[in-house]
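Notes for the one structure printed next.
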Ligand SMILES: [Zn+2]
């Protein structure tokens, strides 16, 4: 069992080209880096390559690491960039609808004009949670890279807004609008699925 | 009076707990009377929860080994080998 080193100790050893520190770094971060890469690329093969490239890059670039951010943020940033590079090589995903189009239809008075099904509280025998998990995974892969990256860092990985902004070099406003629209898109995909499964008839225009 | 449209516009801030308490209370008052908005917020939050469940925390053993052998190969090819060093010493290059 490798000992977990403190970040500054780890950085100093890595900068001294200590390969045992690289092992400690891998033990500490390999699962997070792989998980993040897997969610961002949505592809096991790509995630494996990202994983390898990230640790090599970290070891090669650690000399230039000045500690302006946390070591973990720096590693996530390298991971995110490597994963997004893979995504950009693939055919472009078409744009997702605007936020207003992803919410319920409104009357001119600004009131909801159609029934909204609350599938969040349905028991497992009515709406299988495991199925729902698979659906959101598929839906995540439909999100264009700009949206997927914010949703993955904030909602999947649970990073703070500040950390996600830093990793993606985004303003708070840009992060907010992409995150919200990304969530609305995922919600809509799940809602369409839930409604089709449960046979609840939400009316002519379901949301 | 809050309309559904206002709820839609404040949804993100509400979920992220960024609203001033009085605004948040007004929004909640609307939710108490509006099953549509309540359902929408519940399913929005549920979507966030399901996203979080996608976080994967383990890495297969075989992949860990692959990573190590990749790193080993890369590091040893980046560094001159014993034979390279010997050869250059013998040939004086
Ligand atoms: Zn409402």
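The values are calculated or read from the model by the stated rules, or taken from the named source; none is laboratory data. Note that the structure is a prediction, hence the values are computed from the model and not measured. Backbone-built Cβ (ideal geometry, glycine too); neighbour counts: all protein chains shown.
Brief remarks follow.
- Sub-6 Å Cβ pairs linking a first residue in region B:36-47 that is more than 7 Å from chain A (Cβ to nearest Cβ) to a second residue that is within 13 Å of the ligand (Cβ to nearest atom) and not in a helix (DSSP H, G or I), at least 6 apart or interchain, number zero.
- Within region B:1-75, helices (runs of 4 or more DSSP H) holding 1 or more residues that are under 21 Å from the mean Cα position of the chain (by Cα) and within 16 Å of the ligand (Cβ to nearest atom): B:4-15, B:35-53
- Total residues in region A:185-207, condition modelled with pLDDT of 85 or more and more than 19 Å from residue B:35 (Cβ to Cβ): 6
- With respect to the conditions (1) away from chain B (no Cβ under 13 Å); (2) touching a strand residue (DSSP E or B) at 6+ places or on another chain (Cβ under 8 Å), residue A:61 lacks only one, and its number is (2).
- Qualifying residue in region A:168-175 (condition: under 23 Å from residue B:8 (Cα atoms), in contact (Cβ under 8 Å) with a residue 12 or more places away in the chain and buried (at least 19 other Cβ atoms within 10 Å of the Cβ)): yes
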